[in-house]
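The values are calculated or read from the model by the stated rules, or taken from the named source; none is laboratory data. What you see is a predicted model; the values in this text were computed from it and never measured. Don't worry about glycine lacking a Cβ; one is built from the backbone with ideal geometry, like all the others, and counts go over all protein chains shown.
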Amino acid sequence: MFMIGGGCKDSFTAYEDCERNTIECTEKWLKLKKCMEVHIDYYQPYYTMWKKVDELEERNGEPVYPSKEPKERAKQASEFVRGPCKEPLRSFIRRDAEYRRNNNTLTFHRQHEASDTMYKCMEAHSDYYEAFLADRKKRDEYYFKEFDAFLAASKL
């Protein structure tokens with residue numbers, strides 16, 4: 001497997017073996033990420049794939065607020081935030097801002113917990129958040145397609 005072929009085998013194995021949604025698991029993910037940055041020469045294809053996914057997300061972020069008119073976009077954004085998942089969404093926004101300010105393991109973990117809660121709520125109210133969820137599905141499909149191509153190119 002590609003991920004254990006580089007210098008981060010131990011970090012990757014520790015991350016795979018951890019229980020999800022724990023602070024310990026978050027610490028292991030951050031350790032793996034730092035290790036991959038140290039061994040960037042080997043893990044560059046992985047980072048290239050993620051860069052493509054991020055570019056797609058940036059390009060296709062507008063379906064959530066499809067209107068081109070600034071006033072209409074503001075109205076759509078306001079409706080999005082006032083929807084049935086307003087509290088989980090606000091919690092995620094607060095946790096994301098906290099993580100960006102402090103950038104530590106605990107705030108990273110809290111951000112991901114809030115994100116999970118928000119997405120579960122949105123899926124429960126999929127009729128209201130249809131455009132957002134469709135955009136997320138498109139991103140996930142692109143990611144898996146790119147990841148499969150990455151694995152095929154790496155002959156894994």
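Points to keep in mind about this one:
- Members of the stretch 111-136 found to be among the charged types (D, E, K, R) and modelled with pLDDT of 85 or more, listed by number: Glu113, Asp116, Lys120, Glu123, Asp127, Glu130
- Meets criteria (at pLDDT 80 or above and assigned to a helix (DSSP H, G or I)) for Phe80: no
- Residues within the stretch 117-139 that are part of a helix (DSSP H, G or I) and in contact with a helix residue (DSSP H, G or I) (Cβ under 9 Å, 6 or more places away or on another chain), tallied: 15
- Inter-residue pairs, beta-carbon under 9 Å, first farther than 11 Å from Phe92 by Cβ and in the stretch 117-130, second of a type in the set (A, V, I, L, M), 6+ apart: Glu123/Leu133; Ser126/Leu133; Tyr128/Met122; Tyr129/Val64; Tyr129/Met122
- Residue, surrounded by the most Cβ atoms within 10 Å (Cβ to Cβ), within the stretch 102-116, restricted to residues that are out of contact with any helix residue (DSSP H, G or I) (no Cβ under 8 Å at 6 or more places or on another chain) and assigned to a helix (DSSP H, G or I): Asp116
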